[in-house]
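Beneath this line is the structure, given in structure tokens, with notes to follow.
The values are calculated or read from the model by the stated rules, or taken from the named source; none is laboratory data. Since the structure is predicted, the reported quantities are computational estimates derived from the model, not experimental observations. Every residue, glycine among them, receives a Cβ derived from its backbone with ideal geometry; neighbour counts consider all protein chains shown.
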Amino acid sequence: MEFKRLFDKSVIPTEQVITSLLAQIYPVWEEVCLYILSANKILFETKYFTKNYGWSRRFYKGSKTICYLFPEAGAFSMLVVFGQKEIESIEHSKNQLSENIYNTIMQTEHFHDGRWVWLQILDDSDIESLKKIVDIKANKKYT
């Protein structure tokens, strides 16, 4: 299923536009964004990704991209690029991820620069898995 995204490069989307587009899924978007930002020194920027994918919110720590979130009508997508060490962490965290998220990651082809994993979020059922992914990408340590 294809969802409407923000493709007009000349118009930087405001938070109000994003909120309106996301509609009922906005609370999940907000929770994921706040969780990502809670990790030490993570920042974000609103960035035009490409003409095929439109506007995104890029989360990064230094020069390392944690993930991109793409607002869509009633949904959003998360793009995460996993390197080999992160894939090993994913394998060790299998029991902490939903079956759907884990299988999507493991079935994504591995290229020279990693696995470019696209996850479409339609509801809050995978929110804990998304948080675990963020932890792995941000190298968050547990005490």
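Quick look at the numbers
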| item | result |
| --- | --- |
| Candidate set: the range 36-46, residues that are modelled with pLDDT under 95 and not aliphatic (A, V, I, L, M); chosen: the one surrounded by the most Cβ atoms within 10 Å (Cβ to Cβ) | Ser38 |
| Any chance Leu69 is more than 14 Å from the chain's Cα centre (by Cα) and buried (at least 20 other Cβ atoms within 10 Å of the Cβ) | no |
| Residue in the range 65-81 that is more than 26 Å from Arg5 (Cα to Cα) and either in contact with a strand residue (DSSP E or B) (Cβ under 7 Å, 6 or more places away or on another chain) or among the charged types (D, E, K, R) (or both) present | no |
| Scan of the range 1-40 for residues that are touching a Gly at 6+ places or on another chain (Cβ under 9 Å) and farther than 26 Å from Gly62 by Cα, ordered by number | Phe3, Lys4, Arg5, Leu6, Phe7, Asp8, Leu21, Leu22, Ala23, Gln24, Ile25 |
| Out of Tyr53, Tyr68, sole residue that is more than 18 Å from Glu31 (Cβ to Cβ) and among the aromatic types (Phe, Trp, Tyr) | Tyr53 |
| Yes/no for Trp55 being surrounded by fewer than 17 Cβ atoms within 10 Å (Cβ to Cβ), farther than 12 Å from Val32 by Cα, in contact with a strand residue (DSSP E or B) (Cβ under 7 Å, 6 or more places away or on another chain) and not basic (Lys, Arg) | no |
| Some residue of the range 111-127 being in contact with a helix residue (DSSP H, G or I) (Cβ under 8 Å, 6 or more places away or on another chain), farther than 20 Å from Asn52 by Cα, among the aliphatic types (A, V, I, L, M) and surrounded by 17 or more Cβ atoms within 10 Å (Cβ to Cβ) | no |
| Extreme residue, farthest from the chain's Cα centre (by Cα), among residues of the range 72-99 that are surrounded by 12 or more Cβ atoms within 10 Å (Cβ to Cβ) and within 14 Å of Ile127 (Cα to Cα) | Gln96 |
| From the options Ser38, Ser93, residue that is in contact (Cβ under 8 Å) with a residue 12 or more places away in the chain and either hydroxyl-bearing (Ser, Thr, Tyr) or closer than 17 Å to Ala138 by Cβ (or both) | Ser93 |
| Single unsatisfied condition, Lys4 versus (1) charged (D, E, K, R); (2) crowded, with 17+ Cβ neighbours inside 10 Å; (3) touching a residue at least 60 places away in the same chain (Cβ under 8 Å) | (2) |
